[in-house]
Amino acid sequence: MEIVKTLFQFLAAALLAPLLPGVINRVKAFFAGRRGQPLGQLYYDLFKLLLKTPVYSRTTTWVFKAGPIIGVASLVTALALLPFAGRPSFFAFEGDFIFLIYLLGLARFATVLAALDTGSAFEGMGASREMQFAVFAEPAFFLGLAALARVTGQPSLAGMFGALTGDTWRTAAPVLALLTASFFIVLLAENSRVPADDPNTHLELTMIHEAMVLDHSGPDLAFILYGASLKLWLFGALICSTVLPRHTGSWASDSALFLLMMFGVAAGVGIVESVIARLRLTKVPFMLITAFAFSALALIFQMGR
Amino acid sequence: MHTFAELTIVFIILMDLALAVTGSLSSCIRLVALQGVVAGVLPLLAGHGAPHLRAVAFAAVIISLKGVIFPWLLMRARDRSGAGKDVEPLISYPASIMLCLGAFIASSWLGSRLPLPEANVAWIVPASLATIFTGFLLITTRRKAITQVLGYLVIENGIYIFGLALFVEQPMMVELAILLDVFVAVFVMGIAIFHISREFDHIDTAELSELSDWRRGEYGK
Amino acid sequence: MTQALLLLPLAAGLAAFLIRGDGARRTLLVWTARLHFLLAALVIYDAVSGGRVSALLPPAGEAVWFSFDSLGLLFLGVTSLLFLGASHYAVNYLASEKRDPGEDSDEGFIFNNAPEAVFTGCLLLFLSAMTAVTASRHMGLLWASVEATTLLSAPLIYFHRHKRSLEATWKYLLICSVGIALALMGNLFLGAAGLKSGAGLDLKALLLSAGALDKPLLKAAFLFLFVGYGTKMGIAPFHTWLPDAHSEAPAVVSALLSGALLNCAFLGILRVSAVCASAGLADFTGGIMVLFGLFSVVTAALFMLGQRDYKRLLAYSSIEHMGIMAMGAGLGGGAVFAALLGALSHSLAKAGLFFTSGMVLAAEKTKRIADVKGLWRRAPRTAALWLAGFFLITGTPPSGVFLAKFIILKEALALKHYWLAGTFLVFLAILFAGMARIFISMTFGERDAKPDEKPFEEQSGMLAPAAAFFVCVILAGLYLPDWLQSLLAGAAANVGGRP
């Protein structure tokens, strides 16, 4: 019975993930006074792209083709590690949070290699920027998860979020508040949202993430888009599980609340995108250093407790 | 209640970080004032039960001094001296924030090493030490005279929080004398800044370097 | 009596801001100084004749804010005497400043002076704050008074309104305020150390319950207070403000800073080291004081060798003497007596020298050593005082300074600190040689012909205080009267040395 539930959780996450960008777009549209795209727009796009035949430039090699596949594969694997509403997923072991970070790193690495493989100036620029920000974002994320492991005393993601309860907020509120802030900043940067990047930009010079995937088409692009939505889901789930660790025992109500929170986070991202302008490129590292500072503070707090 | 006090402590530390990265002089002044106010409120949060009337009165004095009068004096000094809007650090902001974080790590280590009486609010000692370090950072790595006054005030805030952590009850008269001194210090420094701006046409302390034994006697002839 | 000592200069200082006429204000300054000295003398006489000077603490009774023990009395006496001399010098100085336009001695630009009312008022308030330092019986109050001396003396340094004095004022204000903030931290540690025994920060309670104080916290308290008050006192390497402030302030202010203010900061250190000594930490505090004291002597000697500005030279000499005093207090035993005698003699000798330096500046219109040659031709009496001051301050017998240095050296040898004594002696020799070269060339060197020079009129009113102080220093080296000896011994007992 348990295995069915975890499988169901996994499938729900995998299927609902493309809904999040839709929510964000709707919120942004609402703030801009527009009606906006349908919620399920990304599903249509994915479907359309999957049917198309990809076009490959003659200068590219197998690395270019492997990039999106490795990317989406590592993100799906990462999703399998991720607890759902505080419940363990079917793939959990001690220290899996480190594995999670490496999976994200692998996805990034594959995308960057594919971008470099094209030999295009824009893609190289995008790859360079992506890596530059990753240098700041990854330590922040890693330290944050380490702090969370210290708070709960659990070495696995499932353990961490299983042990996290409302009581933890009563005893370790400062740490959790700092972590939430840090994760949210990392989410914005990692998912190329405003203020780090603008997903809607059409000017290659200002792009970061988008610039890397300019040459992908057809199913490859579908993989990349799907991978991006999975990544958003992943970070969103971490934030939800930190902010609202609810374990009533009832699987259905927990899950419902969790899903509601996920859409809440997506709406939050939409609001941030609507009210904040994009940062100047040179200022983005400052933002990520702030996240790093938050995570480091949380860890120091926890260590000395 | 204590969670609230602890969150306040975190807030104070975050303000230290913010002070390390803020590039605008007026928000620096506001941050220092806010930190002073938060530090002034802290004893009311940390105690058990309803706060004592004396404590409330003293907190009111501190809040009005640090939250209203100091920022007013400093803003006035800034406007009159034509100090401009920027802080003008000597080191980059990421370096500032890293130094600040390092200071916090050092002070939490120091806080655990000091044989202090058990504080009833966690992190109050490291937070106070980190605030003092931030004050030194502001004094040493910022160019303008006014930021040095701000650094002095931040040090003063940190020492005040440190005093709370140790529960050293000073007699009212001494506390007031200390506050009076700090007030006069800010006042006198404000006047000095005004004179510096008139004499030098700016308040860049890097220019205050004529008196030195390392480049003796270069002035004049 | 104590209240009168505190309130008299306070009231006079506030009145000075309001008085319009220069003459009336100057009269007020001199008479306040005289009255303050009289009161201080009465308090000291009362204590000496009542046999209370040897008592460790003031007579029984509840904790009081302000009261004098022997140590406080000694520093009160020095401060008051110095201020008496300074006030007489100041009225003449102010009168001469009014006559001549302010022309910068180095760059030749014209500047204004601060209003005389502000100068006189701050001078009197400064005296009040220093009196409060010597009388404080509570470490918190002591802190507040020391900080008050900083703030009230800052406008004095900025009497000549030009950019170099402003730079000196700014450095003085900031470095000392931050240093003293650290001393506040030390006070908090001290309070925490006495938390269990409920001593608070009252000096008497601290001394009586010293055994029950928390030792590690007490050590931390000493370190912070030493750095904090040491900054104010001019202990190297925290001395950086001192040469600037002393060289740019008017001579009378330099004299007060060097002779009275540094002592006040030294008193702060002595207070806490007395508490530490009663708690059995004398070795710890002594070691630190000796180390930094010797470092100050070395630093001062090195910076004096190539010095080009004679007021800075005197400032470094002050750092040297502060180092010697810290060493003496740190060595303990008879050296404490010597340190206090040194404080007394240095204050008088250095104040006299600064007064004379003001005359040299007036005569030669330059602070550069290289530009002053053959002073005795232009101003023979000033030159004589200048040379006498040099011999006294470097510790040529007979002078109180010599006695102090000699006893400290003897104690260091008796305690088998041979390296310390050797280094000390070597650097004293370097100091003597370095200063001798400068002072002798200034006094006797070949004078450049300046045809358009007006003859310089030496004012007796400005020379007299210096001469009187020098006589006192010589007398202190020849013969210590019984009352002074018992006062010094009582003060040494207060610090924790041999009575």
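Bear in mind these aren't lab numbers, they're just calculated from the coordinates by the rules spelled out. Note that this is a predicted model, so its numbers are computed, not measured. Reconstructed Cβ throughout: ideal geometry from the backbone, glycine too, with neighbour counts over all protein chains shown.
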- [ ] Arrange the following residues from fewest to most other Cβ atoms within 10 Å of their Cβ: C:Glu97, C:Glu364.
- [x] C:Glu97, C:Glu364
TODO: Fewest Cβ neighbours within 10 Å first, please rank C:Tyr93, C:Tyr158 accordingly.
DONE: C:Tyr93, C:Tyr158
Task: Label zone at A:Thr171 (point 7 Å along Cα-to-Cβ), backbone N below 16 Å, segment A:276-305 - done: A:301-305
Open item on the list: Run the simple label-point estimate for B:Arg30 and A:Arg35 please: 7 Å along Cα→C-beta, distance reported in nm.
Closed with: 4.1 nm
Task: Whole-angstrom gap from segment C:426-499 to segment B:36-100, using each part's C-alpha centre - done: 47 Å
Open item on the list: Number of Lys pairs in chain A with C-alpha atoms less than 30 angstrom apart, excluding same-chain neighbours closer than eight positions?
Closed with: 11
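Could you calculate the contour length gain from C:Asp482 to C:Lys215, that is, 0.36 nm times the residue separation minus the distance between their Cα atoms, to one decimal place in nm?
Values: separation 267, 0.36 × 267 = 96.12 nm, distance 3.80 nm.
Computed gain between C:Asp482 and C:Lys215 is 92.3 nm.
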TODO: Divide by every residue of the protein assembly as shown the summed helix terms, -39500 (n - 2.57) for each DSSP H run of at least 4, and state the resulting mean residue ellipticity at 222 nm, rounded to the nearest 500 deg cm²/dmol.
DONE: -25000 deg cm²/dmol
- [ ] Convert each backbone phi in segment A:194-204 into a coupling constant with the Karplus relation 6.51 cos²θ - 1.76 cosθ + 1.60 (shift: θ = phi - 60°), then list the ³J(HN,Hα) values in order as whole Hz, x for Gly and Pro.
- [x] 5, x, 7, 8, 10, x, 8, 5, 10, 9, 4
- [ ] Post the alpha-carbon centroid distance, segment C:187-223 to segment C:353-372, in whole angstrom.
- [x] 47 Å
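With only Lys, Arg, Asp and Glu charged, each at its Cβ (+1 for the first two, -1 for the last two), find how big the charge dipole of the protein assembly as shown is about the Cα centre; round to the nearest 20 debye.
On the way: 73 positive and 65 negative charges, 95 e Å.
Charge dipole of the protein assembly as shown: 460 debye, to the nearest 20.
Report, in debye and to the nearest 20, how large the dipole of segment A:2-304 comes out about its Cα centre when Lys and Arg carry +1 and Asp and Glu carry -1 on their Cβ. Before the final figure, lay out each step's value.
Working: 20 positive and 18 negative charges, 115 e Å.
The dipole of segment A:2-304 has a size of about 560 debye.
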TODO: Pop out the ³J(HN,Hα) list for segment A:220-237 in order, Karplus 6.51 cos²θ - 1.76 cosθ + 1.60 with θ = phi - 60°, rounded to Hz; leave Gly and Pro as x.
DONE: 4, 5, 4, 4, 5, 5, 5, x, 4, 5, 5, 4, 4, 4, 4, 5, x, 5
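In debye, nearest 20, what is the charge dipole magnitude of chain C about its Cα centre with +1 on Lys and Arg Cβ and -1 on Asp and Glu Cβ, if you could check?
Numbers: 37 positive and 30 negative charges, 64 e Å.
So the dipole magnitude of chain C works out to roughly 300 debye.
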TODO: Could you pull out every residue, at least 5 positions away or on a different chain, whose amide H is within less than 5 Å of the one on C:His138? Hs are placed 1.01 Å off N in the peptide plane, and Pro or chain starts have none.
DONE: C:Leu203
TODO: Go ahead and run the numbers for FRET between A:Val4 and B:Val61, Cβ-Cβ distance against an R0 of 56 Å, rounding to 0.05.
DONE: 0.25
Task: Rounded, prolate or oblate (a/c below 1.5 giving rounded, otherwise prolate when a/b exceeds b/c) for segment B:1-96 by Cα gyration tensor - done: oblate
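Let me know the longest stretch in chain B that avoids all GluC sites (Glu not before Pro) found in a DSSP loop with at most 11 other C-beta atoms within 10 Å. Let's see the in-between values first.
Details: sites that count: B:Glu118, B:Glu218.
Free of exposed loop sites, the longest segment is B:1-117.
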Open item on the list: Using a Förster radius of 25 Å, what is the FRET efficiency between B:Met172 and C:Met1 based on their Cβ-Cβ separation? Nearest 0.05, please.
Closed with: 0.45
Task: Net charge contributed by nearby residues that have their C-beta within less than 11 Å of A:Arg26 (K/R +1, D/E -1) - done: +3
Task: Under Karplus coefficients 6.51, -1.76 and 1.60, residue-wise ³J(HN,Hα) of segment C:471-480 in Hz, glycine/proline x - done: 4, 4, 5, 5, 4, 4, x, 8, 7, 9
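At a threshold of 8 angstrom on Cα-Cα distance, excluding pairs fewer than six apart, so keeping six or more, what relative contact order does chain C reach in percent?
The normalised contact order for chain C reaches 17 percent.
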TODO: Could you check the simple spin-label distance between A:Ile276 and A:Tyr102, using points 7 Å along Cα→Cβ, in nm with one decimal?
DONE: 3.2 nm
Open item on the list: Using a 10 Å cut-off around each Cβ of peptide B:153-159, what is the average number of partner chain Cβ atoms that fall inside?
Closed with: 3
- [ ] Mind sorting B:Tyr160, C:Tyr316, C:Tyr45, A:Tyr56 by how few other Cβ atoms lie within 10 Å of their own Cβ, fewest first?
- [x] C:Tyr45, A:Tyr56, B:Tyr160, C:Tyr316
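Based on the alpha-carbon gyration tensor of segment C:307-367 and its eigenvalue square roots a ≥ b ≥ c, which shape applies: rounded if a/c is under 1.5, prolate if not and a/b is larger than b/c, or oblate?
oblate
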Open item on the list: Starting from the 7 Å offset along Cα-to-Cβ, what nm value, one decimal, do you get for the label separation of A:Leu11 and C:Asp22?
Closed with: 10.1 nm
Task: Computed FRET value (nearest 0.05) for B:Ile191 with A:Thr206, which takes r as the C-beta separation and R₀ as 45 Å - done: 0.40
